[in-house]
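Participant: Take a look at the following structure, please.
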Amino acid sequence: MPDRYTINKLIDEVIDRANPNLTRIERRQFVLDNTKYLGNLITPKKVSDRLRFRDNQLQNAQNVQAAQAAQAARAVHAQTIQTVQTYSAVCTLLFTKYEKFLDDDNAD
């Protein structure tokens, strides 16, 4: 009797061949149809459990990517704010120097 790892690996290989646009129920049926020659080694419950596990893994990966993208966006936003503050300080300094230049020029 094969171990659970081998059965899961086999189920995964068949799932990978299924059209990803199918619903979970359709993918389950695809796996069952393509493994029926194995008898009772691949049960509907095992396939459903494996599909749920893989869907959860995919969702977790998408959540991690979304969190990383949000963190990167926050970093870009913080950098943009810092850049704007720097430009603002430079503009204020230039304006102050220009006013001083005009005052000095008018004093003559």
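Values in this text are rule-based calculations from the coordinates and carry no lab data. Since the model is a prediction, treat every value here as computed from it, not as a measurement. Cβ sites come from the backbone with ideal geometry, for glycine too, and all protein chains shown count toward neighbours.
Participant: Any residue that is surrounded by 10 or more Cβ atoms within 10 Å (Cβ to Cβ), touching a residue at least 24 places away in the same chain (Cβ under 8 Å), under 19 Å from Pro20 (Cβ atoms) and not basic (Lys, Arg) - is there at least one of those in the range 58-79?
Facilitator: no
Participant: Can you confirm whether Arg50 is of a type in the set (D, E, K, R), in a helix (DSSP H, G or I), in contact (Cβ under 8 Å) with a residue 12 or more places away in the chain and in contact with a Pro (Cβ under 9 Å, 6 or more places away or on another chain)?
Facilitator: No, not satisfied.
Participant: Among the residues of the range 1-43, write down those that are part of a loop (DSSP other than H, G, I, E, B), under 17 Å from Leu58 (Cβ atoms) and out of contact with any helix residue (DSSP H, G or I) (no Cβ under 6 Å at 6 or more places or on another chain).
Facilitator: Passing the criteria: Asn19, Pro20, Asn21, Leu22, Thr23.
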